[in-house]
Amino acid sequence: MKKQKSVGESIYNHFDVLSEEIVFSILDCLNDNPLDKKSFSLVCKSFYAIESSHRKTLKPLRSDHLTKILTRYPYVSHLDLSLCPRITDGSLHFISVICKNMLRSIDLSMSKFFTHVGLSNLMMNCTNLVEIDLSNGTDLRDSAAAAIAEAKNLERLWLTRCKSITDIGIGCIAVRCKKLRLLSLKWCVSVGDLGVNLIAVKCKEIRSLDLSYLPITNKCLPSILKLQYLEDLVLEGCFGIDDDSLAALKQGCKSLKTLDMSSCQNVSHVGLSSLTSSTGYLRQLILAYGSPVTLALADSLQKLSMLQSIKLDGCLVTCSGLKAIGNLCISLRVLSLSKCLGVTDEGLSSLVTKHKELRKLDITCCRKITHVSIAHITNSCASLTSLRMESCTLVPREAFVLIGQRCLLLEELDLTDNEIDDEGLKSISRCSKLSSLKLGICLNISDEGLTYIGMYCSKLIELDLYRSAGITDLGILPIARGCTGLEMINMAYCTEITDHSLISLSKCVKLNTLECRGCPLITSLGLATIAVGCKQLTKLDIKKCHNVNDAGMIPLAHFSQNLRQINLSYTSVTDVGLLSLASISCLQSMTILHLKGLTPRGLAAALLACGGLTKVKLQASFRSLFPQPLFEHLEARGCAFQWKDKVFQVELDPKCWKLQLEDVE
């Protein structure tokens with residue numbers, strides 16, 4: 001007979017002897033799995049109360065949960081509403097009343113339906129706000145900017161794509177928000193020299209300023225460059241700035257560390273030289289899609305003695321220009337030549353030989369380089385942690401062996417659309433720190449090579465095998481066994497993959513993204529094992545998995561409560577399966593094209609039941625079958641529809657598909 005516990009023993013809680021600070025420290029360690037803190041709070045009433053007091057950051061999935069959530073978590077200082085498309089003035093008023101001075105940061109970048117009235121309430125009651133993100137507020141006008149100006153303690157403000165705010169609104173912010181340190185006005189196309197000049201004159205504390213695609217000219221540049229603490233300046237796509245306006249500048253910005261002049265097509269080495277003449281502390285320079293990289297442009301960089309990062313994506317590059325960059329008296333850590341025309345073995349080899357401390361190198365689509373460049377890169381840059389070389393199609397398979405022999409510190413490697421084979425993968429498996437490996441459209445690799453990756457790259461988090469047709473279940477099994485921390489895998493159009501792969505991957509409990517479109521041998525059985533084992537799954541693409549039906553949706557609906565995005569196109573799911581997904585409160589995005597078992601009535605019921613949907617892609621033929629009030633109701637809830645008029649497509653053989661792609665290019 002069991003000994004009965006005394007009353008004193010039964011009510012004693014060992015956690016009672018711990019201070020609140022110690023328990024908070026324990027909770028700080030439970031960030032990996034979003035369900036861990038929930039489990040903690042469900043243990044007992046005291047744990048529930050402690051977890052409520054501890055949480056400072058909230059990211060609600062739906063706005064209709066705000067009342068309950070904010071009541072439970074009264075000490076929230078950062079509120080991220082980017083997953084809530086419908087936030088009204090009433091919502092902002094409630095937030096302001098509940099949070100008051102506790103709230104320091106709010107993200108409304110994906111929210112609509114509120115006006116200057118709601119913002120005014122927020123600024124008036126939450127006087128300690130230091131960070132606001134209002135990006136994509138295309139309906140916000142100067143009255144909203146005037147409301148924002150009431151936040152006198154504001155330090156960071158994003159107004160990206162607020163296209164209706166003008167110089168008047170920005171002037172209000174400049175006059176009242178003098179503590180601003182970061183301001184993004186990207187795509188605020190109604191803001192010109194006047195507004196920017198006011199910001200520069202009034203907001204002396206600015207550290208970061210994004211003026212991308214603004215219709216500004218040289219008139220506001222002198223004021224900007226006088227900002228004493230300015231470190232990051234983005235002038236991407238500012239077509240009103242040219243060489244003549246830059247040449248007229250009498251001084252640069254000595255505090256500047258990052259300068260982005262991407263797509264400034266009217267600025268050449270002449271203007272760049274004027275702008276960088278006094279920026280001796282510049283560390284990062286971005287000139288993507290700009291003027292050609294010539295000897296003259298490289299010479300304009302001579303005074304930048306502390307430069308560590310150059311990004312020249314999409315530029316026309318000359319051999320002499322690359323050689324001159326190589327001869328600069330600096331030590332580059334980051335170099336990006338993605339999609340640059342003119343990159344040759346001679347120029348690239350000369351550059352990397354001189355910059356042996358490179359950590360990140362991007363040579364995506366540099367289609368003229370061969371094994372010569374790879375030999376020089378691997379021989380000179382042994383400290384590389386990131387190498388992106390998608391579509392370097394002239395590099396032979398033998399060259400990839402050098403990467404594994406010499407670049408053992410690699411953490412990120414993109415070999416998409418290359419000639420690498422199993423010997424190359426065997427060599428690369430020596431890079432034990434690899435966390436991201438992309439092998440899409442690599443038609444020479446097989447299970448044998450992938451087995452080495454699974455055996456020796458245990459830190460792998462992301463694996464992309466898109467259209468690598470030689471991969472089967474035998475290759476996925478060692479990946480699942482050896483890379484237990486895997487979070488993302490793309491097996492799309494690996495047509496030999498079956499349920500056995502999904503069963504093995506179900507042991508990867510951190511898996512959040514699974515892409516297996518075009519895998520016709522996968523069935524609902526395999527999908528069910530993923531649902532049961534991978535409870536952190538947020539994104540699922542099973543397009544063209546014809547054998548997946550309603551039987552696969554039921555376990556998803558029950559176990560995958562974190563699922564946010566799903567593509568069901570061309571599957572065998574019917575009304576029943578689609579409706580079952582309504583129990584997933586996190587679900588926000590669905591793509592449902594060419595579902596033969598789907599009826600207008602069933603689709604309407606599912607759309608109404610899935611209360612958190614923000615984006616739905618549907619076949620255009622359904623549009624005329626629904627009453628207009630239904631769409632108006634769903635859109636008022638924050639759901640956006642994309643209508644596709646795609647005809648049913650028969651899948652091509654992977655090799656034929658690649659040949660077709662090359663013909664298009």
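Worth pointing out:
- Distance between the modelled labels on Val647 and Val576, one decimal in nanometres: 3.4 nm (7 Å Cα→Cβ projection).
- Shown is the FRET efficiency for Ala247 and Ser583, computed with R0 = 56 Å from the Cβ-Cβ distance and rounded to the nearest 0.05: 0.30.
- What the Cβ-Cβ distance of Gln302 and His371 gives, at R0 = 30 Å and to the nearest 0.05, is a FRET efficiency of 0.40.
- Under 11 Å, Cβ to Cβ, from His269 - net charge with Lys/Arg +1 and Asp/Glu -1: -2
- Mean residue ellipticity (222 nm) of the chain, computed from DSSP H runs ≥ 4 via -39,500 (n - 2.57), nearest 500: -9500 deg cm²/dmol
- In the chain, Cα pairs under 8 Å separated by at least six residues give a relative contact order of 4 percent.
- P(r) histogram, all alpha-carbon pairs of the chain included - 20 Å bins from 0, percent: 16, 40, 40, 4, 0
- With the simple spin-label model, which puts each label point 7 Å out from Cα in the Cβ direction, the Ser53 to Lys100 separation comes to 1.8 nm.
- Rolling a 1.4 Å probe over the protein heavy atoms leaves His371 with an accessible area of roughly 100 Å².
- Carbon and sulfur %, accessible surface of the chain computed with the full protein complex present, 1.4 Å: 54
- Mean separation of Cα contacts under 8 Å, 6 or more apart, over the residue count of region 55-100: relative contact order %: 46
- Remark: the Cα gyration tensor places region 135-251 in the oblate category, a/c being 1.5 or greater and a/b not exceeding b/c.
- Gyration tensor (alpha-carbon) shape descriptor, region 54-155, a/c threshold 1.5: oblate
- Sorting Trp643, Trp187 on solvent-accessible area from highest to lowest, probe radius 1.4 Å, gives Trp187, Trp643.
- Fully extending the segment from Ile26 to Ser255, taken as 0.36 nm per residue of separation minus the present Cα-Cα distance, adds 78.4 nm.
- In terms of accessible area, using a 1.4 Å probe and ignoring ligands and nucleic acids, Glu496, Glu51 rank largest first as Glu496, Glu51.
- Mean accessible surface per residue for the chain, computed with a 1.4 Å probe while every protein chain stays in place, in Å²: 44
- Taking a ≥ b ≥ c as the square roots of the eigenvalues of the Cα gyration tensor, region 459-508 is oblate, since a/c reaches 1.5 or more and a/b is not larger than b/c.
- Ranked by solvent-accessible area (1.4 Å probe, protein heavy atoms only, all chains present), the residues Ser583, Ser96 order from largest to smallest as Ser583, Ser96.
The values are calculated or read from the model by the stated rules, or taken from the named source; none is laboratory data. Just so we're clear, the structure is a prediction, and the values are computed from it rather than from any experiment. Here the Cβ is made from the backbone with ideal geometry for all residues, glycine too, and neighbour counts use every protein chain on show. Just so you know, the surface numbers come from the protein's heavy atoms only, side chains and all, with ligands and any DNA or RNA stripped out. Shrake-Rupley method; radii C 1.70, N 1.55, O 1.52, S 1.80 Å.
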